[in-house]
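Structure first, then comments.
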Amino acid sequence: MEKVVALTKRRGFIFPSSEIYGGVSGFYDYGPYGDAMKRAVRDLWWRHMVDLRDDVVGLESTLIMPAEVWTASGHLTNFVDPLRQCLGTCKKRWRADHVKGDKCPECGGPLDEARMFNLMFKTHVGPVEELSSEVYLRPETAQGMFVDFKNVINSTRVRVPFGVAQQGKAFRNEITPGNFVFRVREFELMEMEYFVKPGQDDEWFDYWRKERMRWYVEELGLNAERLRMYDHPKESLSHYSKQTTDIEYDFPFGWGELEGVADRTDYDLRVHQEHSKVDLTYLDPETNERYLPWVIEPAVSVERIFITLLLDAYDEDVINDEPRVVLRLHPNVAPVQVAVVPLSKKEDLIKIAREVQRSLQGDFRVEYDQTGGHIGRRYRRQDEIGTPFCITVDFDTLNDKAVTIRHRDSTKQERVAIAELPDRLRQLV
């Protein structure tokens, strides 16, 4: 983990937020390569969850919602963690289920008795801080999709079974954020609520468990041997869940949740219908029956996928008797898919290299690297940020109108005519 954390800072993936002021625990900024990689993950998720399907639509709801929403959903009562505070010298606070015994893990001082701590960030709307103006930053995107269920039904042609997908920021005031970006206080969720007919939830739950696992292996290229499904026992289920499966990854700190797939029953629509007094039932056009659909929810944070990809891709090997660090990222999620590298700063080579760059932009994530220095050092830099292919423009290019594709993982090289380069890269990517 330490090597990956160091790499993310060195190569511009992740920075501590507000670092020049000492930073804030549980908050991180994403640098140029981190931002590009997150965008790639988001776009890939949306493509497979929405664009390539005809039964899922998108939604963008607000980050702030009134207290009534969270009262109805149960978050104000149930979205809590047990908290214990050190009474010794350090005064740190700990999640009670993360410490053993009655001694502080930091200073060895005594811990107070556990009490429940709500993880939601509260603020107020308007100039007066009073009970009626209380609002909360959302800890999940799901509730926006439930309270807009009736609007989606009335404004589109969707029919059960169908899904509503959303990506966006969420906030949880974690007692002890940690393991780098695995557990943070501000993060980006990608969730989908799939509405099904009552009694058909088991088959759809099984479908989405398998489909989400397939996506990680086939589309993101994660090592299947480091993934597993964990079915929650009844006693550990959330208050809304009939059944939940976590897709877990074998992290350096042990097996941990990557994504959760939950059978939320009709809990959310039912409680919002009860509290809002608005009819949220669905009229089935085939049976003329009214019912509250049940919901299957695949939910994951971009940050969890991000750190999983980096840990899974990180490797060290030796090439030509020289050690190198390489991120073996799948081309689908690499922040740079193709780097165009002129062999020297000669104007003739630079002109062709720029033309090659322009011919690839729009179809691939392209970086132009003319920093000078030995070509091997530039290859090593691209290896560290996970670039699958480097396109080298050399002096032979002036005569044969061809370039060299250098493959990251094998370091093998192949000569390709410039005119055929885009098609060849499409085959590789």
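The values are calculated or read from the model by the stated rules, or taken from the named source; none is laboratory data. Owing to the predicted nature of the structure, the values given are computational and were not obtained by experimental measurement. For neighbour counting, all protein chains shown are included, and Cβ atoms are generated from backbone atoms with ideal geometry for every residue, glycine included.
Testing Asp369 on (1) closer than 22 Å to Asp409 by Cβ; (2) touching a helix residue (DSSP H, G or I) at 6+ places or on another chain (Cβ under 8 Å); (3) touching a residue at least 40 places away in the same chain (Cβ under 8 Å); (4) not hydrophobic (A, V, I, L, M, F, W, C), one condition comes back false. Which one is that?
(3)
Output the number of residues of the range 304-324 satisfying the condition of being farther than 24 Å from Asp268 by Cβ, in contact with a strand residue (DSSP E or B) (Cβ under 6 Å, 6 or more places away or on another chain) and outside any strand (DSSP E or B).
2
So in the range 233-279, with the set limited to residues that are among the aliphatic types (A, V, I, L, M) and without any contact (Cβ under 8 Å) to a residue 60 or more places away in the chain, which one is farthest from Arg214 (Cα to Cα)?
Leu237
Given (1) over 19 Å from the mean Cα position of the chain (by Cα); (2) crowded, with 18+ Cβ neighbours inside 10 Å; (3) closer than 20 Å to Pro139 by Cα, where does Gln273 come up short, assuming only one miss?
For Gln273, the exception is condition (3).
Restricting attention to the range 99-131, and to residues there that are in contact (Cβ under 8 Å) with a residue 40 or more places away in the chain and loosely packed, with under 13 Cβ neighbours inside 10 Å, which single residue is nearest to the chain's Cα centre (by Cα)?
Ranking the qualifying residues of the range 99-131, first place goes to Thr123.
Hey, among Asn332, Asn288, which residue is surrounded by fewer than 16 Cβ atoms within 10 Å (Cβ to Cβ), assigned to a loop (DSSP other than H, G, I, E, B) and polar (S, T, N, Q)?
Going through Asn332, Asn288 in turn, just one is surrounded by fewer than 16 Cβ atoms within 10 Å (Cβ to Cβ), assigned to a loop (DSSP other than H, G, I, E, B) and polar (S, T, N, Q): Asn288.
Residue-by-condition table, conditions (1) among the hydrophobic types (A, V, I, L, M, F, W, C); (2) more than 28 Å from the chain's Cα centre (by Cα):
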position	(1), (2)
Tyr240	no, no
Thr245	no, no
Asn288	no, yes
Ala299	yes, no
Thr308	no, no
Ala313	yes, no
Val341	yes, yes
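Give the residues of the range 148-207 that are of a type in the set (Phe, Trp, Tyr) and crowded, with 16+ Cβ neighbours inside 10 Å, sorted by residue number.
Selection gives Phe149, Phe162, Phe171, Phe180, Phe182, Phe187, Tyr194, Phe195, Trp204, Phe205.
Per-residue answers, yes or no, for (1) under 26 Å from Gly34 (Cα atoms); (2) modelled with pLDDT under 95; (3) part of a helix (DSSP H, G or I):
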| residue | (1), (2), (3) |
| --- | --- |
| Val326 | yes, no, no |
| Lys351 | no, no, yes |
| Glu355 | no, no, yes |
| Gly372 | yes, yes, no |
| Gly376 | yes, yes, yes |
| Asp409 | yes, no, no |
| Leu421 | no, no, yes |
| Arg424 | no, no, yes |
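How do the pairs read when you match residues in the range 180-203 that are free of Cβ contacts under 8 Å to residues at least 24 places away in the same chain and among the hydroxyl-bearing types (Ser, Thr, Tyr) with residues anywhere that are surrounded by 21 or more Cβ atoms within 10 Å (Cβ to Cβ) and part of a loop (DSSP other than H, G, I, E, B), using Cβ under 8 Å and keeping only pairs 6 or more apart or on different chains?
Listed by first residue and then by second, the contacts come to nothing, as the list is empty.
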